[in-house]
1. With angles folded into 0 to 90 degrees, how steeply does helix 101-110 sit against the dominant principal axis of the chain? Use alpha carbons for both and round to 10.
2. Summing Lys, Arg as +1 and Asp, Glu as -1, what charge do residues with Cβ under 10 Å from the Cβ of Thr77 carry, Thr77 excluded?
3. Check cross-link reach from Lys60 to the lysines: straight Cα distance under 22 Å, and skip same-chain residues fewer than eight apart.
4. State the answer as a single residue: which of Leu67, Phe146, Val133 lies farthest towards the positive end of the charge dipole of the chain, with beta carbon charges of +1 for Lys and Arg and -1 for Asp and Glu, about the Cα centre.
5. With labels modelled as points extended 7 Å from the Cα through the Cβ direction, what inter-label distance (nm, one decimal) is found for Lys39 paired with Lys63?
6. How big is the charge dipole of the chain about its Cα centre, in debye rounded to the nearest 20, if each Lys and Arg gets +1 on its Cβ and each Asp and Glu gets -1 on its Cβ?
7. Rg and Dmax of the chain, using alpha carbons, in Å: what are they?
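Please treat every number below as a calculation from the coordinates, not as lab data. None of these values were measured; they are calculated from a predicted model. Every residue, glycine as well, gets a Cβ built from its backbone with ideal geometry; the counts of neighbours run over all protein chains shown.
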Amino acid sequence: MKFAIEHLEPELYDWCLIEYEHISKIVGKNNLIFTNINKKNYNKFKKYGAVYGKSISELKLNKICVLSQYSKKQLTTNDKNKFQYFVFGGILGDNPAKKRTNILVNNLKKHNIKFEIRNLGSLQMSTDTAVYVAKEILNERKLNDFKFADELEIEINENESVILPFRYVVDNNRLVINEKLVKYLRKKRGF
């Protein structure tokens with residue numbers, strides 16, 4: 001079972017790399033594939049997983065499941081027996097969502113790649129949260145077992161905060177979020 005991140009951002013933003021590093025820690029470097037990566041960024045990805053310049057649609061893989069909040073069918077533990085690759089769009093979408101995962105879906109269709117789509121609920125998650133939830137579901141957890149925090153407020157300083165309008169997991173009364181991302185947001189100038 002492999003987790004694949006199709007990088008759909010026009011650039012490699014710092015927050016993307018922070019999320020991707022977190023995903024590598026969640027699933028393990030040997031279980032992670034990055035696709036659609038510009039050659040100049042290869043070295044930044046190699047320590048986190050396998051890296052491909054081509055899109056997932058050009059790699060001619062089989063048994064693909066694309067995760068999208070717009071799918072009518074929910075991911076279940078049984079899907080680990082049906083699929084080999086679980087594909088996520090490497091985007092932290094806009095709010096409201098622009099449905100950019102459709103780019104990935106349309107490319108798979110264009111290349112006649114067989115795939116199915118599953119959801120992790122109807123609300124948008126950060127990519128690392130989506131991977132975490134999918135991994136847990138594939139390892140016998142049910143979506144209903146999760147507690148979520150929707151729309152996080154990260155305090156920047158005593159006068160400012162930033163709202164992350166995405167869904168995050170709360171496990172054992174602890175928020176599952178990359179602390180490196182929180183530190184990055186607190187240091188970032190301007191939003």
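1. 10
2. The answer is 0.
3. In chain and number order, the partners are Lys2, Lys29, Lys39, Lys46, Lys80, Lys82, Lys109, Lys110, Lys114.
4. Checking the options against the dipole of the chain, the answer is Leu67.
5. Roughly 3.3 nm, to one decimal.
6. 980
7. Looking at the chain, its Cα Rg and Dmax stand at 16.2, 53 Å.
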